[in-house]
Amino acid sequence: MRIFFATDIHGSEVCWKKFLNCGAHYEADVVILGGDMTGKALVPIIDDGGGKWHATLLENREELDGEEAVKAFEDAVMRRGYYPFRTTPDELSELAASEERWHALFDKHMIGTVERWMGMADEKLGGSGIRVFVCPGNDDQLEIDEIVEAAKTVELGEGRVVDIDGFQLASSGWANRTPWDTYREEDEPDLKRRIDVMLEHVTAEPEKTIFSLHCPPYATGLDDAPQLTAEMDLRDAGRSTVPVGSTAVREAIEQHQPALSLHGHIHEARGTTRLGKTLCINPGSSYEQGQLLGAVIDIDGKKKVKKFVLTSG
């Protein structure tokens, strides 16, 4: 069986489109998105009247003249994983004065985008025979699960053990604690219980078992993240790194020894390693550049996965 795996696209429209194309491109039987599929921010495009607009992206203010310029800017925003919306100065002032309204608008755009992406998957992969799995990650709100679960072509992975052509896939997007207090994170003992409960349903032999756990195992190099100061700034301009992965994930891998364990979460920690017989992969993420990083893995049900390659494009 051939698997294509990617993760951490954070709302990037171009990365989602590339992900949907990867099944056919790499002749994969299964494509898996390992977590953090939704965007992080709204970007207002403000009407100045007379066909002129202005907006700010990454602290750069842009003056936009006409519909074509506005549409091009919207496309650029979506490529980077943000949600653009058109507004007026008065409407924006009202939104800025109400945190509740701002969050409601974000939720509307986020949910609408995920629903639209599920429709894109139907058009691209419906009836293709390629199975598509999405497992929301720690940055994805819990409401995402029901949208993915209701999709026709995409299958929800979270908390499930799924049979795929003689193999079993066990998936979870939950992580250990982060400095950002995200939607799906918990203390290590709770995370261990969550993973253990899920893995009770695994009946396949280890060589036919695949984990998709968003958080990488602790101290494996797949979890090396830039160290932060107490003020949440990068220490040594990002050159100083520390392991931030999960001990619960590592324990689960060491105990069960699946043939393959797929991870993400730490964008900078692209690479592979082995824990015993288990091949562990974190393909990394460059979603802000519109680049989809991934991995193609051929798994044959033998003791070790021997054929794999990290991809970018």
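The values are calculated or read from the model by the stated rules, or taken from the named source; none is laboratory data. Just so we're clear, the structure is a prediction, and the values are computed from it rather than from any experiment. Glycine gets a Cβ as well: all are built from the backbone with ideal geometry, and neighbour counts include every protein chain shown. The accessibility values were calculated without ligands, DNA or RNA, using every heavy atom of the protein model including side chains. Shrake-Rupley method; radii C 1.70, N 1.55, O 1.52, S 1.80 Å.
Computed quantities for the displayed model
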item	result
Test: residue in the stretch 35-42 that is β-branched (Val, Ile, Thr) and either buried (at least 21 other Cβ atoms within 10 Å of the Cβ) or assigned to a strand (DSSP E or B) (or both)	yes
Considering residues of the stretch 146-159 that are crowded, with 17+ Cβ neighbours inside 10 Å and either touching a Leu at 6+ places or on another chain (Cβ under 6 Å) or not acidic (Asp, Glu) (or both) only, the residue nearest to ILE253 (Cα to Cα)	GLY159
Of all residues making up the stretch 69-90, the number that are part of a strand (DSSP E or B) and open to solvent by less than 60 Å² (accessible area, probe 1.4 Å)	4
Among residues of the stretch 63-81, those that are of a type outside the set (A, V, I, L, M, F, W, C) and at pLDDT 95 or above, counted	7
Verdict on ILE3 being at pLDDT 95 or above and over 25 Å from the mean Cα position of the chain (by Cα)	no
Unique match (being modelled with pLDDT of 95 or more, assigned to a helix (DSSP H, G or I), of a type outside the set (S, T, N, Q) and surrounded by 20 or more Cβ atoms within 10 Å (Cβ to Cβ)) among LEU222, LEU191, LEU169	LEU191
Selection count, the stretch 288-306, where residues are among the polar types (S, T, N, Q) and either open to solvent by less than 40 Å² (accessible area, probe 1.4 Å) or more than 18 Å from HIS265 (Cβ to Cβ) (or both)	1
Residue check, GLU27 without any contact (Cβ under 8 Å) to a residue 12 or more places away in the chain and charged (D, E, K, R)	no
Hits in the stretch 59-68 (condition: open to solvent by less than 90 Å² (accessible area, probe 1.4 Å) and under 17 Å from PRO89 (Cβ atoms))	GLU62, LEU64
Residue within the stretch 50-58 that is at pLDDT below 95, surrounded by fewer than 13 Cβ atoms within 10 Å (Cβ to Cβ) and not in a helix (DSSP H, G or I) present	yes
Tabulated pairs, the stretch 185-196, first within 11 Å of TRP174 (Cβ to Cβ), second of a type in the set (Lys, Arg) and surrounded by 13 or more Cβ atoms within 10 Å (Cβ to Cβ), C-beta under 6 angstrom, 6+ apart or interchain	GLU185/ARG177
Residue match in the stretch 249-263 (condition: assigned to a loop (DSSP other than H, G, I, E, B), exposed (fewer than 14 other Cβ atoms within 10 Å of the Cβ) and not acidic (Asp, Glu))	no
